[in-house]
1. Quick one: helix B:250-267 against the long Cα principal axis of chain B, what's the angle to the nearest 10°, folded into 0 to 90?
2. Work out, in µm²/s and without decimals, the Stokes-Einstein translational diffusion coefficient of segment B:56-158 at 4 °C, 1.567 mPa s, Rh from Kirkwood over C-alpha pairs.
3. Nearest-5 percent of antiparallel DSSP beta bridges in segment B:279-418?
4. Between B:Y317 and A:I147, take the C-beta separation as r, use R0 = 60 Å, and let me know the FRET efficiency to the nearest 0.05.
5. Please list, in chain and number order, the residues 5+ apart from B:E68 or on another chain whose amide H is under 5 Å from its amide H, with Hs placed from the backbone.
6. What residues qualify as long-range amide H neighbours of B:V357, i.e. H under 5 Å apart, gap of 5 or more or another chain, H built at 1.01 Å from N?
7. Is there a simple number for the mean count of other chain Cβ atoms within 10 Å of the Cβ of residues in A:131-139, and what is it?
8. Please enumerate, by chain and number, the aspartates and glutamates with C-alpha under 20 Å from the C-alpha of B:K54, excluding those fewer than 8 residues away in the same chain.
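Quick note: the coordinates plus some simple rules give every number you see, no bench work behind them. Just so it is clear, the structure is predicted and the values come from calculations on it, not from any experiment. FYI the Cβ positions are ideal-geometry reconstructions off the backbone, even for glycines, and counts take in every protein chain you see.
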Amino acid sequence: MGLRIRFIPFVFLGGYALCIWLMFPSFLEVSAGIYRDLSVPYIGWALMGGVIGSVYYRYREGLRKRIKNPINKLGLGLVLWLGASILISVALGEGDLQDRVLDSGLIRAWFVTMFGIFMSAPTFLGSYSILARSKEVFSLAILGLIIVPLTCMIYLQAQSVSVPRQDPLLSLITALTLFGFVETFHWVYKYDRIDVQVGNLFARQLISTILFAGVGSVIAFIAFSWRSMIPDIAAVSFYEMDTIFGTAAIGLALLSPIALLAIVRSFREGK
Amino acid sequence: MGRVSVFSRKAMGYGAATLALFILSLVLSSGLFLMMSLIGMAVILLSLSFIPRKPEVTRSMDSDLIHEGDEVDVELRVQGKGGLGQVEILDRLSPTLRIQNGNNHAFLSPGERSVRYTFGSPLRGYHDIGPTHVRRWDPLWFWYREDEYGEKKRITTFPERTSADMRRMLKGPNKQRPGDMHLRRVGPGKEFYSIRDYVTTDPFHTINWKAYARTRKLQVNQYEAESVTDLMFILDSRMVTRAGTLIENPLERSIRFCASLADLYLTTSNRVGLINYSSSVTVLKPEGGTNHLTKLLHTLTDITPSGYHTLGATVNYSLAYIPPDSRVFVLSPLSEDPTIKEGIKKLLARGHNVVIVSPSGVEFERSVIEGMITPRYLLKKLSRINLIEDLRSMGARVLDWPPEKDVLWAVQEVLSWD
Amino acid sequence: MRSRILIVFTIVMIVSLMVSAVMLILTSGKGAYTSFDGSWEGLSDLRDHLDDEGYDVKVLISSSSLLLSEEDPEKTVFLSLGPERAYTLTEIHAIGSFHERGGRLIMADDTGRMDPLAERFDVGFPSGQLYDENFQTNPSFVRVDVNLADRFSGTLLLNKPSYLIHSGGRVIAKTGRSAWVDRNGNGLRDFDNTTQGEPLGEKTIAVIVDPDFLSLGSGCAVFISDPSLFLNEMIDQKDNRKFISSLISYLLPDGGTIVIDDGVHQMDGAASVFQRGVFGFVFLLSDVNMKIIIGSMTVIIISAFAYLFDPPERLEHICLLDRTGLAELAELNLTKQDVTEIKKIILDRVRVRNSLSVDDFSKLGWDDIRKMIDDDRLYRFVRSGKNYTVEQLERILVEVTGWGG
């Protein structure tokens, strides 16, 4: 017996998806680039991915018995679908070749499907990795979870030729949910159930995680809001300090004592 | 091995992601990515700063000389200072030892701790325990420092002997066992029988000096004759004899049989010798006593299957070491050796009482392939049946030993032939 | 614990000292048109003046491409004076975007290096020094009247100014009719020819490109053909200081931030090392082309490291006791090479069944053996045994298994 802790990373995964949804209200502009009336918010794609991932895990054995290599076959199917769509559009469409392809409803439907798959893939992989306790799938999930906001940022910057503002507090919460997902996945991977044998180790790791994340959050928050904390003096009136570079420099400066402490400790440990 | 510092896959993942996010945050002017990377960096650096101090580790163990099937209790004491981080400990055991209770691999919090476990040794041999590896991890499992404590310690596992059961069987009626029999006549022995006058061929140490002091005449002791049986084991330990599992195969069965019977005969004042053929032929000359039993058990413990020597060549080489009229036990699965009949014939021609104890190699192998009856199995089985019948017709006694029968059964069968 | 605190304290002190040292070096950097230079050709006086007027003055020492991430352009003035290098495409793009989002620009140049940027605003800086009969002491010091949208009017004293050409916008400072431009730099006015030479005429000194920016809520760009009026030596001449104050308050009626571009000027001494380093770093990460390359390379290199990384060996007890091995049954099925052995098995069974020795059996003829076998198929196999398939051999073997009891 023991306490199953598998639900905890699910909470953080859902929290992260929620934060991304709040962080990028113009996500719908991104999906509108694929299809004008595609008005599914990111949280919708994320929930869908999470549910499908859990269902797939539950029925994976039966699915694999019926269909060998289902993921490979799905990929092949998508490629064939695109090929068929292009051929049909070219054969039956109107106008010149370029117009036939660009205006094709079939091809647009394919793009919408691909967009849906890419948007729901991170949470699909995330939920599957928690249930299957698979580090390989987890790594892909993290990559996907970072690519979603990356895509939004690149798209929006290219569109508006400017950098949209990101609220520091919401950014902090989003970062902490991702960190929480990573750490709690590792708890599940290492312990799965918490009982008397691992209870002490788990408690210690939990305390350490909270402590270090707390310090990290304070450092990150100070880096973003240091301006309001110190009086304006001529010596720090460089414009770079108000940009992301300045914030990064402050963050690194705040981290440097910890870095040097780690180096000093490792040298002392090495003797 | 000295200290080693190693980063885990988690550290590499964190480090790579943090660095990528940091650079992407500057490229994209993204506060979100910068926040993620700063938190990641802080977590990594803080965790790297907290690693437990090196503890002291001592091991205590029941015994280092055991028999197959015995268990040994081990206790590891870890003495260190408390703090953040984890200590991972592995007391290295030879892969031929099995953990019965507890675990030799443990994760502990720093401080004064102890780890207890029990291991069993189902296979004879010289097994190693230690050194003890200790990994001191940071709190979030990013990196560790590894140290080794102690040297390798050797555990000797003798082959299993079923002597106790056999002795009970020996007390049964209508069984005459040659052994330490007093014959009421003068002969080689240890018990004093009589005195006679000295002749020049008498050994000097047999002179009875007390009698000389009394009678001023040189007189020698005479002893009561004893009947002592010579037993010679010819053990096949070629590569082919290890087919089956590591614990149950023709060689292990043969060795247990040899150890059991040797124990019985040596404790009843007989002499036992061993000829072992594998990649070479080694001979342990027949002797008696408990010291010789220990020597024999060590020899059996040390055997490793190898080589492709033949019985015929072995017999040719070692005939000189086999005392005349001694009983010869040939322990072999009788596989892949075209010289078996020739070797047995030679032994029989010399007048030896030859008993062939043959654990069936094909049956052991068939148990590995889940009992499948394959064409090749039929071929080998038929070949074996023919060979056994031939050997019997030559005058040897052959025990066709199936895997499901244990050593006690084999010994009982063999002894019942006397 | 105490030693740990001591170590942290020491490290914090060292880091603080290093940061302070860097700041000190940067703020003591000197060079023409740089904000911290207190000599005649510096802008320290301007910076202090604007600071005293309540504006938030910031110095940009790297690249103006950072303006892309400016969050409040409508309350920010970007001030670029006499650049020593041309703006890169990314910087031009960033300044243009800043302007489009409501940013205020004051661009003053007499070198022509600002032309690629000024073209976006239909403004040009032709080469040649401007001269006018209306000068003070020295023909290089030209006096020019300025009228800033009815907020300020006065006289500017310029030092070796140029002039600018524009289409549209509102002129706020221009010369009289007696001004001319020394195109060939010989210090003399050449032929009075309208298509060649250096004719007399009015020349524009300063223009506001977006005069209705307040009502439209758009950005505003002001171009001035002489940056020297901002220098320490010139700022107190005539109405230069008042003009600057009025211009800034015109662009930022509710206050705001002023960003002085020192990135286009070279600092001297140790400060230049830091400046070049920061510029290079910012350029690598903000230039459009470099962004893609750096971003992609970072991801590829880090992914490669992560892929190639060999994780440490797991500590665990490996038990090999369940290992198995095969010898005679390694090959499960029969092959054609087993024909001889099958024949031998059959013959041995016959011999043993009839209690014959090997010698006696070898003396028998085939007829006798045939009778003993008593099975034609098996006899034929034993006698010839050629060209049997593996399946046939298996059938024979099964037959032999049940044969003879």
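1. With rounding to tens, the tilt is 50 degrees.
2. Details: Rh = 14.2 Å.
For these conditions, the coefficient is 91 µm²/s.
3. Numbers: 0 of 10 bridges.
Of all bridge pairs located within segment B:279-418, approximately 0 percent are antiparallel.
4. On the way: r = 74 Å, r/R0 = 1.24.
Using R0 = 60 Å, I get an efficiency of 0.20.
5. Hits under the 5 Å cutoff: B:F158, B:E160.
6. Here the answer is B:V330, B:L331, B:S332, B:L399, since their amide H atoms fall under 5 Å of that of B:V357.
7. 1
8. Correct list for B:K54: A:E269, B:E75, B:E88, B:D91, B:E112, B:D138, B:E146, B:D147, B:E148, B:E151.
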